[in-house]
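Worksheet for the structure shown next.
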Amino acid sequence: MRHFLTIADFSKEELLEILDLAIQIKAETKQRNFKEYLPKQVLGMIFEKSSTRTRVSFETGIYQLGGIGLFLSSNDIQLGRGEPMSDTSRVISRMVDMVMIRTFEHSKLEEFAQYSKVPVINGLTDDFHPVQLLADYLTIIEEGKDKDLVAAYVGDGNNLAHSWLMLAAKLGFELRIATPKGYEVNQKILDRALEFAKISGAKIVIGNDPIEAIKNATVVTTDTWVSMGQEDEKEKRVKDFTGYIVDTKLMSYANSNAIFLHCLPAYREYEVSEEVFEGPQSKVFEEAENRLHAQKGIMVWLDGKRND
């Protein structure tokens, strides 16, 4: 049995298998051909962090695959009253076929997976956001940018940046990350990505200059400067991130055919300008839709590995 906790746990071949499945299922969906790959299966969806795209995409996805999703906020289950994660896992995983968790500490997710009898999917933790990156790469494939890909990430060295590191390191493309000083990516995660990069041939460049990161990039991406739980830091962060807004001037340094991605929600005139967000290079809503299709690929792939 396999879990989907981080991209680091998968080979390049496995990641491409999942993406191929997502592409196939998306094509079927567009033809209104809803094959029941997971008939009558139940997906338990545990939310300690609220979400729009994660809930809607997983709940819609499991329904279109022939199953049903159960929304479980931490206030609705005993986890919110202090029940150990290990106990919650051993109870819930005896009643459902798969679990998705969106939480804070990555260690909570790992503990749940350790005790689970069914596949567990990382819907987001403070360290990683792997389902988002598969949706991003699916969008990159559809836009024809996966060949000679040069990706530039500008902004906070957060869970999204960490997942970009792992995706580049596994698939072998060039990734440049530019963060303000003091907001760099986690060094242990970077070191692990660099080890994978030695095998895949990925080129990973870390720095503090957004212009250098974006020069001739074919994909430009960013994330909110103030993530959930950091609201009290907003004033300081906005000041510290001065010069990191992806606006038309910054985008002009990228390849002329570059696309812009953002995992959403986007705060206009902070990390991205209105003009770029709503402009012709922006593929953010195609990317958002692809959360649905990428996650269906993940669920079907995990179900196929249940007996491994």
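For the reader, a short list of remarks on this structure follows.
- Region 69-108, residues that are among the basic types (Lys, Arg), under 22 Å from Thr6 (Cα atoms) and surrounded by fewer than 21 Cβ atoms within 10 Å (Cβ to Cβ): Arg90, Lys108
- Evaluating Val238 against the criteria (1) within 21 Å of the chain's Cα centre (by Cα); (2) modelled with pLDDT under 95 leaves one unmet condition, (1).
- Residue within region 124-131 that is assigned to a helix (DSSP H, G or I) and either out of contact with any strand residue (DSSP E or B) (no Cβ under 6 Å at 6 or more places or on another chain) or charged (D, E, K, R) (or both) present: yes
- Only one of Thr224, Thr242 that is more than 22 Å from Gln132 (Cα to Cα) and in a loop (DSSP other than H, G, I, E, B): Thr242
- Taking each residue of region 2-19 that is among the hydroxyl-bearing types (Ser, Thr, Tyr) and looking for partners that are outside any helix (DSSP H, G or I) with beta-carbon atoms closer than 7 Å, six or more apart or interchain, yields Thr6/Asn122; Thr6/Phe128.
- Residue, nearest to the chain's Cα centre (by Cα), within region 249-308, restricted to residues that are over 30 Å from Pro39 (Cα atoms) and among the charged types (D, E, K, R): Lys283
- Within region 259-269, tally of residues that are touching a residue at least 60 places away in the same chain (Cβ under 8 Å) and buried (at least 21 other Cβ atoms within 10 Å of the Cβ): 3
- For the residues Ile189, Ile177, the requirement of being over 18 Å from His293 (Cα atoms) and crowded, with 24+ Cβ neighbours inside 10 Å singles out Ile177.
- Region 95-123 - residue that is assigned to a loop (DSSP other than H, G, I, E, B) and of a type in the set (Ser, Thr, Tyr) and, of those, farthest from Phe260 (Cα to Cα): Ser116
- Of Glu59, Glu48, Glu28, all but one fail to be among the acidic types (Asp, Glu), in contact with a helix residue (DSSP H, G or I) (Cβ under 8 Å, 6 or more places away or on another chain) and either modelled with pLDDT of 95 or more or buried (at least 17 other Cβ atoms within 10 Å of the Cβ) (or both); the exception is Glu48.
- Sole exception among (1) of a type in the set (Gly, Ala, Ser); (2) out of contact with any helix residue (DSSP H, G or I) (no Cβ under 7 Å at 6 or more places or on another chain); (3) crowded, with 21+ Cβ neighbours inside 10 Å; (4) closer than 29 Å to Ala217 by Cα for Gly144, by number: (3)
- Screening Met45 on (1) assigned to a helix (DSSP H, G or I); (2) farther than 15 Å from Val300 by Cα; (3) not small (Gly, Ala, Ser) shows it passes everything except condition (1).
- Taken as a whole, the structure places Asp223 among residues that are crowded, with 20+ Cβ neighbours inside 10 Å and among the acidic types (Asp, Glu).
- Residues being touching a residue at least 60 places away in the same chain (Cβ under 8 Å) and among the hydroxyl-bearing types (Ser, Thr, Tyr) - total across region 270-308: 0
The values are calculated or read from the model by the stated rules, or taken from the named source; none is laboratory data. None of the values given here were measured: they were computed from a predicted structure. All Cβ positions, glycine included, derive from the backbone under ideal geometry; neighbour counts span all protein chains shown.
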